[in-house]
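Undergrad: The structure's right below; bear with me while I get my questions together.
The values are calculated or read from the model by the stated rules, or taken from the named source; none is laboratory data. Just so we're clear, the structure is a prediction, and the values are computed from it rather than from any experiment. Note that we place each Cβ from the backbone using ideal geometry, even for glycine, and neighbour counts take in every protein chain shown.
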C-alpha cells in the first residue's frame, strides 16, 4: 500500500516469473523473447499519462501494456492507446464500464467485472432477508459506475436503496445522512485509506 492505495508491489515479481516461464517454454511464442519495462502509475491520472507517453516514445518499441491496476487509470490508458495499436491487459481492474468492447477494443481484463460481485451482494441481501440498504462510496469514476450498477441490480431484486451517498475525503456527513435515514445495512466502496475512515467514524 502507498498513501492508502494499492501499490501493485506484488505484480512486478509475478510478472517477471510469468515472463521467465514463457521465455523458457519451447512451444510458446517461439522465436520471440518477452521483456518488460515498467512504471508505477500510482493509481493517479498524472503519473499514468506521463508513464504511458514516456514508454510509447522510448525504445524499445512496446507491443503490449500490462495494467493499470486501478480501473480509472485503466480506462485512461485504454482510451489513449488505440492509435499505437497497443494491446492492454489489466490484471485487477473491475469497473463495469471497462466491459465495453466498442469503447475499449484493445483492452483485455483478467479480473471479472464488479457486476458479478453486485449479483452476489443482492443474493446475500436476499439470503438474510434484508430489504433495505445504504450505499456509501468515494466519488471516483470506477466506484460511481459500480454503485450505479448495484442500484439497478437491487431494484431488479426488490431491494430498496434508502440512500446512495458519496464522499471525497471525509465520510462523516455521508454517514450522518445514512443514520438519519435509519440505514442499518451499509455497502461501501472505497480504497483502503477511505475504508478505514468509514469504519472508524
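Undergrad: Among the numbered criteria (1) touching a residue at least 60 places away in the same chain (Cβ under 8 Å); (2) farther than 30 Å from residue 175 by Cβ, which one does residue 75 miss?
TA: Residue 75 satisfies every listed condition except (2).
Undergrad: Go through the stretch 129-148 and give me each residue that's under 16 Å from residue 183 (Cα atoms) and out of contact with any strand residue (DSSP E or B) (no Cβ under 8 Å at 6 or more places or on another chain).
TA: 129, 130
Undergrad: What's the number of the condition residue 193 fails, among (1) part of a helix (DSSP H, G or I); (2) within 17 Å of the chain's Cα centre (by Cα); (3) surrounded by 16 or more Cβ atoms within 10 Å (Cβ to Cβ)?
TA: (3)
Undergrad: Return the residues of the stretch 152-170 that are outside any strand (DSSP E or B) and crowded, with 16+ Cβ neighbours inside 10 Å; say none if nothing qualifies. Break it down stepwise before answering.
TA: From the stretch 152-170, those outside any strand (DSSP E or B) are 152-159, 168-170; that's our starting set.
If the condition is that a residue be outside any strand (DSSP E or B) and crowded, with 16+ Cβ neighbours inside 10 Å, then 153, 154, 159 are the ones that fit.
Undergrad: So which of 110, 116, 102 is loosely packed, with under 14 Cβ neighbours inside 10 Å, at pLDDT below 90 and farther than 22 Å from residue 48 by Cα?
TA: That would be 116, the only listed residue that is loosely packed, with under 14 Cβ neighbours inside 10 Å, at pLDDT below 90 and farther than 22 Å from residue 48 by Cα.
Undergrad: Report, by residue number, each residue of the stretch 124-151 that is over 14 Å from residue 195 (Cβ atoms) and in a loop (DSSP other than H, G, I, E, B).
TA: If the condition is that a residue be over 14 Å from residue 195 (Cβ atoms) and in a loop (DSSP other than H, G, I, E, B), then 128, 129, 130, 131, 139 are the ones that fit.
Undergrad: Would you kindly identify the helices (runs of 4 or more DSSP H) lying entirely within the stretch 6-88 that contain at least 3 residues that are under 19 Å from the mean Cα position of the chain (by Cα) and within 22 Å of residue 99 (Cβ to Cβ)?
TA: In the stretch 6-88, 45-56, 71-80 are the helices (runs of 4 or more DSSP H) which contain 3 or more residues that are under 19 Å from the mean Cα position of the chain (by Cα) and within 22 Å of residue 99 (Cβ to Cβ).
Undergrad: Which members of the stretch 127-150 meet the condition of being surrounded by fewer than 16 Cβ atoms within 10 Å (Cβ to Cβ) and at pLDDT 95 or above?
TA: Listed by number, the residues that qualify are 127, 128, 129, 130, 131.
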